[in-house]
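Notes for the one structure printed next.
The values are calculated or read from the model by the stated rules, or taken from the named source; none is laboratory data. If you're wondering where the values come from, they're calculated on a predicted model, not measured in any experiment. When we count neighbours, we look across all protein chains shown, and the Cβ atoms used for this are built from the backbone with ideal geometry, even at glycine.
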Amino acid sequence: MIDQVSALYDKKIACLHCQSTFTSKRVRSGSLSMLKRDSDFCTYFKEQSLNPILYTVNVCPSCGLAFSDQFKQHLTPSQKKLVGELISAKWTPKEFGGIRSLEAALAAYKLAIYAAELTDQVHSVKAGLYLRLAWLCRFQENQAEEKRFLHIAANEYEQSFIHSDYTQGDKEMSEVRVLYLIGELKRRVEQYDEAIQYFSRTLEYRNRTIETGILSMAQDQWAQAREDYKAKKQKQAAKIS
């Protein structure tokens, strides 16, 4: 078993709101041994307690603002006013800078999502937070909450695609990847007809992208979505009869 203390390091963070500095844990990349990756990119490691997504969100212990590295680096005066009134004024100091449990990570993400809404972060940033929150619920085997957050993430990624802001939240998020991801999230929340449409749009990039792995996944999940859709229709027909 990997020693958590040695596998983690402190990163110095400057708060976007109150400018105070604090430390937040990060995972040393050499400490990770991947076990598997789900079709929506959720990754499992040999030591799940060292999954980097547990530490994606920074939480300022002074004012309570929670944010990721993808947040806009400067808040407007009106955004700072909102944070001060709706977050800082109600903040009871808590410590998120140490080793994080799954429950602490869930709390951090929910704080960050609230802050993202208040500070008008781009859709891709909010989508990424909701998707990772859904993954944490998956680790907890809380299927109802996982599905709820996947649904919101899918909608946010759709808006991100419409507004072309998907590269602002994740530098690896290309057009073909975001189309695939929307399709996969739609499939997971049983919106099969929309999922099939998004996978089909992804496959239109066959001669326009070098991301052949994404195309292969889209082909597989397109077929899976068609099977899922057929099974759902048969189940509905059986109930009527």
Q. Looking at (1) of a type in the set (A, V, I, L, M, F, W, C); (2) in contact with a helix residue (DSSP H, G or I) (Cβ under 7 Å, 6 or more places away or on another chain); (3) not in a helix (DSSP H, G or I), which is the only condition Ile214 fails?
A. (3)
**Q.** Pair list, Cβ under 9 Å, 6 or more apart: the range 139-165 residue assigned by TED's automatic domain parsing to the domain that holds Lys126 and of a type in the set (S, T, N, Q), other residue surrounded by fewer than 17 Cβ atoms within 10 Å (Cβ to Cβ) and modelled with pLDDT of 95 or more
**A.** Gln140/Leu102; Gln140/Glu103
Q: Could you pull out the residue among Glu95, Glu85 that is at pLDDT below 95, surrounded by fewer than 13 Cβ atoms within 10 Å (Cβ to Cβ) and among the acidic types (Asp, Glu)?
A: Glu95
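Conditions tested, residue by residue: (1) of a type outside the set (D, E, K, R); (2) in a strand (DSSP E or B); (3) free of Cβ contacts under 8 Å to residues at least 12 places away in the same chain; (4) closer than 30 Å to Gly213 by Cα.
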residue	(1), (2), (3), (4)
Gln19	yes, no, yes, no
Phe22	yes, yes, no, no
His74	yes, no, no, no
Ser78	yes, no, yes, no
Leu111	yes, no, no, no
(Q) Testing Ala144 on (1) in contact with a helix residue (DSSP H, G or I) (Cβ under 8 Å, 6 or more places away or on another chain); (2) not in a loop (DSSP other than H, G, I, E, B), one condition comes back false. Which one is that? (A) (1)
Q.
Going by what's in this entry, would Ser160 be described as at pLDDT 95 or above, part of a helix (DSSP H, G or I) and closer than 27 Å to Ala112 by Cα?
A. yes
Q: Kindly list, by first and then second residue, each pair from a residue in the range 213-228 that is over 13 Å from Ala195 (Cβ atoms) and in the same structural domain as Leu181 (by TED's automatic domain parsing) to a residue that is at pLDDT 95 or above and among the hydroxyl-bearing types (Ser, Thr, Tyr), limited to pairs with Cβ atoms under 6 Å and residues at least 6 apart or on different chains.
A: Ile214/Tyr180
Q. If you check Ser39 against the conditions, is it under 30 Å from Leu179 (Cα atoms) and assigned to a loop (DSSP other than H, G, I, E, B)?
A. yes
Q | Qualifying position, being in a loop (DSSP other than H, G, I, E, B), touching a residue at least 24 places away in the same chain (Cβ under 8 Å) and more than 30 Å from Asp220 (Cβ to Cβ), among Gly98, Gly84 | A | Gly98
